[in-house]
Amino acid sequence: MQPSLSERFRSGFVAMTGHPNVGKSTLINRFLGQKIAAVSPRPQTTRRKQLGILTTVQAQIIFIDTPGIHKPRHKLGEAMNQQARDALEEADQVLFIVDASQPPTSEDHILARLIQEAKRQTITLVVLNKIDLIHADLLAERQAQFQDLLPEARVFPISATRGDNCPALLETLIAAMPEGPQYFPEEQITDLHERDIAVDLIREAALIFLREEVPHGIAVRLDEYKDRDEKTTYLAATLLLEREAHKPIVIGKNGAMLKRIGTSARKEIETMTGRKVFLELRVKVKKDWRDDEETIRKLGY
Ligand code: GDP
Ligand code: MG
């Protein structure tokens with residue numbers, strides 16, 4: 001669509017806030033029409049702040065995908081909470097994303113208060129996601145429950161996986177953006193490099209295949225990332241585990257689990273890069289890496 005001459009270019013930042021697992025990353029991928037953020041059925045796949053950049057003829061919208069705010073149990077958790085608060089302060093608009101399949105949780109109340117207390121008063125939309133999971137009769141009630149949390153905000157029911165109402169939500173965001181410059185070149189869709197996304201995709205694959213007790217104790221360290229030629233990339237990465245006892249689980253019988261994780265991650269990385277990928281995965285125990293500030297910094301959180 002061509003903008004009319006009187007229409008000026010709009011741009012700005014949208015903070016995606018909400019608890020782990022509500023669908024923030026899924027929604028960003030949906031808006032961009034491309035997978036840039038790791039999506040996982042388990043909470044806390046997204047550990048660092050990531051930008052998703054959407055450029056159209058009329059506007060550039062920069063989505064800030066943040067780790068959710070939660071009760072920090074270790075240093076890594078504290079660093080993640082601070083990133084989430086910073087995103088609220090920087091943004092032109094805030095999307096407070098919630099899960100329609102449950103009534104507001106006590107954590108939703110805490111986050112709603114944080115949004116109201118943010119120094120800058122920004123336009124806030126409550127995105128009621130996963131409406132595909134609830135019966136149509138329940139929708140109005142849910143909408144009212146979440147409206148009570150933030151009476152000033154508009155509540156927007158959507159399904160990020162099915163796409164319901166997502167184009168309308170995007171239009172609303174664009175219309176509310178201030179006039180502004182194009183901050184990033186139009187072909188740039190994220191601020192993370194392919195290698196960072198590869199790390200997240202490997203972590204995502206591990207979270208999908210492993211049992212509950214292991215995943216949060218896993219970090220991924222990229223040891224090598226080399227484009228061999230135009231069409232092939234070689235990657236070597238190490239899964240860092242918190243406990244010796246996790247090693248046999250992650251490796252599996254005759255290495256079967258590690259192979260499954262590697263194959264799945266490799267396919268995702270191939271889709272992202274459009275190249276053939278060779279991925280070598282190793283496993284190493286690094287006790288209590290989550291409380292080790294040095295490790296956290298090296299891994300870029
Ligand atoms: P995040 O932690 O907020 O970034 O959440 P993710 O985007 O990683 O999504 C968490 C889980 O919810 C994944 O399994 C998604 O497939 C799922 N999910 C996200 N959006 C929807 C939705 O609209 N409907 C349903 N049924 N599931 C969704
Ligand atoms: Mg996420």
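The values are calculated or read from the model by the stated rules, or taken from the named source; none is laboratory data. These numbers come from a predicted model, not from an experiment. Cβ coordinates were reconstructed from backbone atoms using ideal geometry, including for glycine residues, and neighbour counts include every protein chain displayed. Note: accessible area is taken over every heavy atom of the protein model, side chains too, but ligands, DNA and RNA are not part of it. Shrake-Rupley method; radii C 1.70, N 1.55, O 1.52, S 1.80 Å.
Straightening the chain between Leu114 and Glu187 buys 22.9 nm, computed as 0.36 nm per residue apart minus the Cα-Cα spacing.
For Val285, the residues 5 or more places off, or on other chains, whose built amide H falls under 5 Å of its own are Leu241. Label sites at Lys259 and Tyr234, each approximated as a point 7 angstrom past Cα along Cα to Cβ, lie 2.3 nm apart. Of all DSSP-defined beta bridges confined to segment 194-298, some 45% are antiparallel rather than parallel. Which residues in segment 93-128 have a backbone N closer than 12 Å to a point placed 7 Å from the Cα of Ala176 along the Cα-to-Cβ line? Zone members listed by number: 93-97, 122-128. In order along segment 99-104, the Karplus-derived 3J(HN,Hα) couplings, from 6.51 cos²θ - 1.76 cosθ + 1.60 at θ = phi - 60°, round to 9, 5, 7, 9, x, x Hz, and Gly and Pro are given as x.
Heavy-atom accessible area, probed at 1.4 angstrom with all protein chains present, ranks Glu7, Glu117 as Glu117, Glu7, highest first. Backbone amide hydrogens, once placed in the peptide plane, bring Glu280 within less than 5 Å of Leu235, Ala236, Ala237, excluding anything fewer than 5 places away on its chain.
Residue order by solvent-accessible surface for Arg154, Arg195, Arg290 is Arg154, Arg195, Arg290, largest first, with ligands and nucleic acids left out and a 1.4 Å probe. Derived scalar couplings between HN and Hα for segment 248-253 equal x, 5, 5, 6, x, 5 Hz in order, rounded to whole Hz, by the Karplus curve 6.51 cos²θ - 1.76 cosθ + 1.60 (θ = phi - 60°), x for Gly and Pro. Placing pseudo-labels 7 Å out from each Cα toward the beta carbon at Glu152 and Glu244 gives an inter-label distance of 5.6 nm. The amide H of Val220, built 1.01 Å from its N in the peptide plane, has Leu240 as neighbours under 5 Å, considering only residues 5 or more places off or on other chains.
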